[in-house]
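The values are calculated or read from the model by the stated rules, or taken from the named source; none is laboratory data. Everything numeric in this text was worked out from a predicted model, so none of it was measured. Every residue, glycine among them, receives a Cβ derived from its backbone with ideal geometry; neighbour counts consider all protein chains shown. For accessibility, only protein heavy atoms count, side chains too; no ligands or nucleic acids. Shrake-Rupley method; radii C 1.70, N 1.55, O 1.52, S 1.80 Å.
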Amino acid sequence: GGGGGGGGMGVDYPLKFKQSHMYWSEMMKSQPNQRAVILGQFILENKATVRATAKQFGISKSTVHKDVSERLPLINSALYAKVKEILEINKQERHIRGGLATKIKYQKLALLHNNCETYVYSRHCTKK
């Protein structure tokens, strides 16, 4: 028995991930349709990205993508419609996240180069 383990927000995932990893990984490989539904539910509940979902379940991003975009619509079209919405939003936000990561990187570089007057980009520094 015992508590914790995986994502457990709402949907009761079959035998929590970490407690029974052997069962879980076998099911993930041998039952792609069930896996597609579980992945879809996880994305929906957590507003998760494909990358985060892949990481959570220990599978590749391409598997998550194939399951939710090809298998899920055939099994559960209502769930697919909701998941597709979330993935579309994530896709629209992706360039923003990428831009923020770049901005933060250069801010850190500028702070390291602290004899510089500008905090924008360290390469703009006049005192080298």
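Some notes on this structure:
- Picking from residues in the range 50-78 that are surrounded by 16 or more Cβ atoms within 10 Å (Cβ to Cβ) and small (Gly, Ala, Ser), the one that is farthest from ASN33 (Cα to Cα) is ALA52.
- Yes/no for GLY40 being free of Cβ contacts under 8 Å to residues at least 60 places away in the same chain and surrounded by 15 or more Cβ atoms within 10 Å (Cβ to Cβ): yes
- Options VAL64, VAL37, VAL68: the member that is of a type in the set (Val, Ile, Thr), within 11 Å of the chain's Cα centre (by Cα) and at pLDDT 95 or above: VAL64
- Hits in the range 79-107 (condition: within 14 Å of ILE38 (Cα to Cα) and open to solvent by less than 70 Å² (accessible area, probe 1.4 Å)): LEU79, TYR80, VAL83
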